[in-house]
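Comments concern the structure below.
The values are calculated or read from the model by the stated rules, or taken from the named source; none is laboratory data. The shown structure was predicted, so the numbers you read here are calculated from the model rather than taken from an experiment. Cβ: placed from backbone, ideal geometry, glycine included. Neighbour counts: every protein chain shown.
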Amino acid sequence: MRAKREYRDRDDVEVAVLDALVDRADEGMTVFELRAAVDADIDTIEQALGDLKTDSLISVEGASQRVRIYPDDRVVPDPEDLVDDDGSFLDAVRQRLGL
């Protein structure tokens, strides 16, 4: 899943971070998981996270010695917005996965 369109006019790494976080919005991601998902070095990811945090587009929660990063709710698209007029949500997921 991708971040909402209005949040895609940012730096490429910031958009990649938002997209990765939106894909795992419920469970969040660690910095290491983000590093594996985003094609950028750790310093660039750290700068992107700082910028996104400053703009309140992400939240950071520390639980059980593990810091998890979550997208802000306004960045995550509604499932209804992903459905085309002629398809179902399941069809949209299948298309996204290339099935």
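Only one of Ala25, Ala3 is closer than 20 Å to Arg66 by Cα, in a loop (DSSP other than H, G, I, E, B), of a type in the set (A, V, I, L, M, F, W, C) and under 8 Å from the mean Cα position of the chain (by Cα); which? Steps first, answer last, please.
Details: Ala3 fails: closer than 20 Å to Arg66 by Cα.
Within the list Ala25, Ala3, the selection yields Ala25.
Hey, does segment 39-49 have a residue that's among the charged types (D, E, K, R), at pLDDT 90 or above and surrounded by 15 or more Cβ atoms within 10 Å (Cβ to Cβ)? Break it down stepwise before answering.
To start, the set of residues in segment 39-49 that are among the charged types (D, E, K, R) comprises 39, 41, 43, 46.
Among the residues that remain, those that are also at pLDDT 90 or above are: 39, 41, 43, 46.
Subset that is surrounded by 15 or more Cβ atoms within 10 Å (Cβ to Cβ): none.
For segment 39-49, residues among the charged types (D, E, K, R), at pLDDT 90 or above and surrounded by 15 or more Cβ atoms within 10 Å (Cβ to Cβ): absent.
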Next item on the list: Considering only segment 43-68, state which residues are within 12 Å of Val17 (Cα to Cα) and not in a loop (DSSP other than H, G, I, E, B).
Entry: Thr44, Ile45, Glu46, Gln47, Ala48, Leu49, Gly50, Asp51, Leu52, Lys53, Ile58
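Please work out if Val13 is crowded, with 18+ Cβ neighbours inside 10 Å, in contact with a Ser or Thr (Cβ under 8 Å, 6 or more places away or on another chain), hydrophobic (A, V, I, L, M, F, W, C) and touching a residue at least 12 places away in the same chain (Cβ under 8 Å). Working first, answer last.
Numbers: crowded, with 18+ Cβ neighbours inside 10 Å: yes; in contact with a Ser or Thr (Cβ under 8 Å, 6 or more places away or on another chain): yes; hydrophobic (A, V, I, L, M, F, W, C): yes; touching a residue at least 12 places away in the same chain (Cβ under 8 Å): yes.
Yes; evaluated as a whole, the condition is true for this residue.
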